[in-house]
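The values are calculated or read from the model by the stated rules, or taken from the named source; none is laboratory data. Just so it is clear, the model here is predicted, and its values are computed rather than measured. Neighbour counts are summed over all protein chains in view; Cβ atoms, including those assigned to glycine, are modelled from backbone coordinates with ideal geometry.
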Amino acid sequence: MSDLENFRVEVKDWLDKNCPATMRAGAPADTPIDEVWGGRKAVYKNPDSKLWLDRMGEKGWTMPTVPKEYGGGGLNKEEVKILNEEMFAIGARAPLLSFGIWMLAPVLLEYGNEAQKREHLPKIIKGEIRWCQGYSEPGSGSDLASLATKAEDMGEHFLVNGQKVWTSYADKADWIFALVRTGPKEPKHSGISFLLIDMENPGVSTKPITLISGKSPFCETFFDNVEVPKENLVGELNAGWTIAKKLLQHERKFISNFGLAAGMGSKKDVVSLAKKHFGEDEGKISNPIFRSKVIDHKMKEHAFGLTLQRAADEGGKASAVASMFKYYGTEHNKRRHELMVAASGVNGLAWDGNEFDDSEKNLTRAWLRTKGNSIEGGTSEVQLNVISKRVLELPSG
Amino acid sequence: MKLILNEEQNYLKETALSFVSEKTPVSHLRGLRDSDDQLCWDKGIWTEMVKLGWSGILIPEEYGGSNFGLTGMSVILQECGKTLTPSPLFASGVLGATALTKFGSEEQKQKYLSKIASGELTTALAIDENSHHNPNICELKAIKDGSNYVLNGKKIFVVDGASADIIIVVARTSGEDDDVGGLSMFLVESDSSNLKKVKLDMADSRNYANITFDNVSVDETMILGEIDMGLEPINEILDVGRIALSAEMLGSCEKAFEITIEYLKERKQFGVPIGSFQALQHRAAEMFCEIELTKSAVMAAMQGAEENSNDLQRLSSLAKSIVGETSYLVSNEAVQMHGGIGVTDEYDIGFYLKRARVAETILGNSTFHQERYANLTGF
């Protein structure tokens, strides 16, 4: 048997022994399966969630390609493929959802020093620390580089003052990676640093923002004379913008994948909703005008899926392509939800109460939530600017 | 299925690009049009293409081809599309070669395939009878008369039909006009008596003909495939054609876009390049995204054909539909962004617009393929 075949047998065997039944496809319908984000404040409704996270975290398989000395799985690409296939085969749930994994860890691996990697990566991988992202500010949205939260050099530490906004789940997070102004006299892009801040520090506070969907996934985060140790600076002083941009690429990639994965996998898709509410005529959606919109949308979705596949086959190069995926993926996800709401008629606009199914009430809120997709992580217009400048090399205005 | 080209396919693509850049820039098509050339393609250029082996790419080795596959053929057509290069490659090397390779008898293959590969003869596929492609409808009839069949009816918009030596004609041998089971194919020599070809003048200055069959008698050895073989096998040929044509159309889109982006960088108004205006930048960036999606759909269809995918009909319709829509967007925006010069005959961009629309109608436009995709998927 080859090494890879051996590895597959080991993985299968390990998953068989260690993946709890309620964490797999086929678990009883009433089993509480919550998304697990880890961290110091985590509450586990199902103890299996904690068990599954701990076991996967111990193996380093929440970030399987990260070297073992930093707590990762130390696997190569072929091995990761096998791990994914075997997890998929038993319908194993992702043990951990994490901004640490998606955004911070890749930049720590590239820009962090040895001590930072050893300190933070294992805790991200084990889900011990939940991270949030401190980028936008009330006065700095699309013009992110104008940010004003300042970090003053006090010798032993930085003194941080200012406000971040749109910090996802800041009220549930333990640490924040933040962009701060350390060079107030430098040109705006060259006076920014990338800082890691423990949110238990005195002076850090958060306040949830209620969205049009009625939910509060985002917060305002305030820094009032917060002392941050010097060792928490990632990369060089005033060189944070490069890191920030790199991190945004990771973020855009995962936002664009999110919508598509949801669209393709979901049973409650626009076609079945349209057939349910408009009726079927020889297998066709009965309303011909709506049907033609659905066809156009589903064909674009097919082509977009093929484009993600092609990018992977080409080796996933080019940062500007991340902008294309972010732009197209989020716009597509908005159209998908608009079509689902329209297909459902009155039932697609339910807010609360017992007259509507949970799936209908969830659809209304999900539809409203998608409006933020093309704003967060860089608006669609910003993505189009990036494509114009970086790919098409059109001149600046 | 990998959505990337292999080394040989990349090599073919590069060869084709340098060939068309050097030998057939858009001025080549313009020259043929301005001299009112009745062939609408150049025999010398075709001979060179044949020498490069392009005409035999879909033909098995034992009949003088290279059997290199549809992806190889498509990437060549994609490069031809970049300079709007006219040639019988699509009608003969794709449609004719596919029809004979898939359905020809041993004798027919011996007789015709090597001549298609060597460029000695060209073929055309006569299928449409109405202003819109609809292979379900066929009124042209072939009635058995001893060891012959007698053909009566009219085919229109036959691509390269004005120059083809052999016409592959879809005829009704049983059933009513919309009975897809009663269809058969015949090989008809274009100089047969009672066959009348009228060359069409289309907006894209390429070679098309309307062909009337008025008691055209064909020997039964000229049946291609089985009598009453029906539409399903014929669709296999059409899908290969649709995929290859999609690649050509994609090439035209890519080039029209490239020309437009260059123009946005050069053209100055208000003292600055017009490409610095966000109103144009965002439209350009959106076109970029649509072209990227189109590339993926075309690539998936080509590779699906190589691997005999059981999803090929859907992939073919996805490609032809999306490339049709992208062609529409890009050709219109290309003209608009060029401003006044874009609507002059002197400037090349208008050729791309004209070709985009005519090509979209060949073997089914976007709405035809949207409906087909939807029916195949269960929408």
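Quick look at the numbers
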read-out: Failed item in (1) more than 8 Å from chain A (Cβ to nearest Cβ); (2) under 21 Å from the mean Cα position of the chain (by Cα); (3) farther than 23 Å from B:TYR263 by Cα, with B:ILE322 passing the rest; value: (1)
read-out: Every residue from the range A:125-168 that is buried (at least 20 other Cβ atoms within 10 Å of the Cβ), among the small types (Gly, Ala, Ser) and in contact with a Gly (Cβ under 7 Å, 6 or more places away or on another chain); value: A:GLY127
read-out: Total residues in the range A:140-169, condition within 21 Å of A:GLY203 (Cα to Cα) and either free of Cβ contacts under 8 Å to residues at least 12 places away in the same chain or of a type in the set (D, E, K, R) (or both); value: 6
read-out: Boolean, B:ALA284 is of a type in the set (Gly, Ala, Ser), outside the structural domain of B:GLU79 (by TED's automatic domain parsing) and surrounded by 24 or more Cβ atoms within 10 Å (Cβ to Cβ); value: no
read-out: Breaking point among (1) touching a helix residue (DSSP H, G or I) at 6+ places or on another chain (Cβ under 9 Å); (2) farther than 30 Å from A:GLY214 by Cβ, for A:ALA274; value: (2)
read-out: Candidates A:TYR70, A:TYR44 - the one that is hydroxyl-bearing (Ser, Thr, Tyr), without any contact (Cβ under 8 Å) to a residue 24 or more places away in the chain and at negative phi; value: A:TYR44
read-out: Members of the range B:263-310 found to be facing chain A (nearest Cβ under 10 Å) and among the acidic types (Asp, Glu), listed by number; value: B:GLU286, B:GLU290, B:GLU292
read-out: Residue under evaluation B:LEU3, criteria (1) within 14 Å of chain A (Cβ to nearest Cβ); (2) assigned to a helix (DSSP H, G or I), criterion not met; value: (2)
read-out: Breaking point among (1) at pLDDT below 95; (2) surrounded by fewer than 17 Cβ atoms within 10 Å (Cβ to Cβ), for A:GLY203; value: (1)
read-out: Residue identified as within 23 Å of the chain's Cα centre (by Cα) and over 30 Å from A:ALA115 (Cα atoms) among A:GLU35, A:GLU10; value: A:GLU35
read-out: Which numbered condition A:MET1 fails, given (1) surrounded by 15 or more Cβ atoms within 10 Å (Cβ to Cβ); (2) aliphatic (A, V, I, L, M); (3) over 28 Å from A:MET199 (Cβ atoms); value: (1)
read-out: Test result for B:ASP345, among the acidic types (Asp, Glu), more than 11 Å from chain A (Cβ to nearest Cβ) and surrounded by fewer than 21 Cβ atoms within 10 Å (Cβ to Cβ); value: yes
read-out: The range B:191-219, residues that are of a type outside the set (A, V, I, L, M) and touching a residue at least 60 places away in the same chain (Cβ under 8 Å); value: B:LYS199, B:ASP204, B:SER205, B:ARG206, B:ASN207, B:PHE213, B:ASP214, B:ASN215, B:SER217, B:ASP219
read-out: Odd one out for A:PRO122, checked against (1) buried (at least 22 other Cβ atoms within 10 Å of the Cβ); (2) in contact with a helix residue (DSSP H, G or I) (Cβ under 7 Å, 6 or more places away or on another chain); value: (1)
read-out: Matching residues, the range B:7-20, being among the aromatic types (Phe, Trp, Tyr) and crowded, with 16+ Cβ neighbours inside 10 Å; value: B:PHE19
read-out: Selected residue (criterion: surrounded by the most Cβ atoms within 10 Å (Cβ to Cβ)) from residues of the range B:21-59 that are under 20 Å from B:ILE259 (Cβ atoms) and among the hydroxyl-bearing types (Ser, Thr, Tyr); value: B:THR24
read-out: Selection count, the range B:233-262, where residues are surrounded by fewer than 24 Cβ atoms within 10 Å (Cβ to Cβ), more than 14 Å from chain A (Cβ to nearest Cβ) and either within 14 Å of B:MET287 (Cα to Cα) or at pLDDT below 95 (or both); value: 2
read-out: Residue count for the range B:348-379, restricted to those that are within 14 Å of another protein chain (Cβ to nearest Cβ) and of a type in the set (Ser, Thr, Tyr); value: 4
read-out: Test for B:SER18: is it part of a helix (DSSP H, G or I), more than 14 Å from chain A (Cβ to nearest Cβ), touching a residue at least 60 places away in the same chain (Cβ under 8 Å) and not basic (Lys, Arg); value: no
read-out: Test result for B:ASP128, free of Cβ contacts under 8 Å to residues at least 60 places away in the same chain, over 20 Å from B:ARG357 (Cα atoms) and outside any strand (DSSP E or B); value: no
read-out: Breaking point among (1) in contact with a Phe, Trp or Tyr (Cβ under 7 Å, 6 or more places away or on another chain); (2) within 12 Å of chain B (Cβ to nearest Cβ); (3) β-branched (Val, Ile, Thr), for A:VAL341; value: (2)
read-out: Restricting the range A:283-315 to residues that are closer than 10 Å to B:PHE379 by Cα and within 11 Å of chain B (Cβ to nearest Cβ), the residue that is surrounded by the most Cβ atoms within 10 Å (Cβ to Cβ); value: A:ILE285
read-out: Selected residue (only one of A:LYS50, A:LYS77 is under 23 Å from the mean Cα position of the chain (by Cα) and surrounded by fewer than 15 Cβ atoms within 10 Å (Cβ to Cβ)); value: A:LYS77
read-out: Lone qualifier among B:ALA203, B:ALA209 - being modelled with pLDDT of 95 or more, surrounded by fewer than 17 Cβ atoms within 10 Å (Cβ to Cβ) and among the aliphatic types (A, V, I, L, M); value: B:ALA203
read-out: Some residue of the range B:311-318 being within 15 Å of the chain's Cα centre (by Cα) and within 9 Å of another protein chain (Cβ to nearest Cβ); value: yes
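Results for (1) buried (at least 24 other Cβ atoms within 10 Å of the Cβ); (2) charged (D, E, K, R); (3) assigned to a loop (DSSP other than H, G, I, E, B); (4) at pLDDT 95 or above, shown as yes or no for each residue.
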site: B:ILE167; (1), (2), (3), (4): yes, no, no, yes
site: B:ALA171; (1), (2), (3), (4): yes, no, no, yes
site: B:ASP177; (1), (2), (3), (4): no, yes, yes, no
site: B:ASP191; (1), (2), (3), (4): no, yes, yes, yes
site: B:LYS197; (1), (2), (3), (4): no, yes, no, yes
site: B:GLU226; (1), (2), (3), (4): no, yes, yes, yes
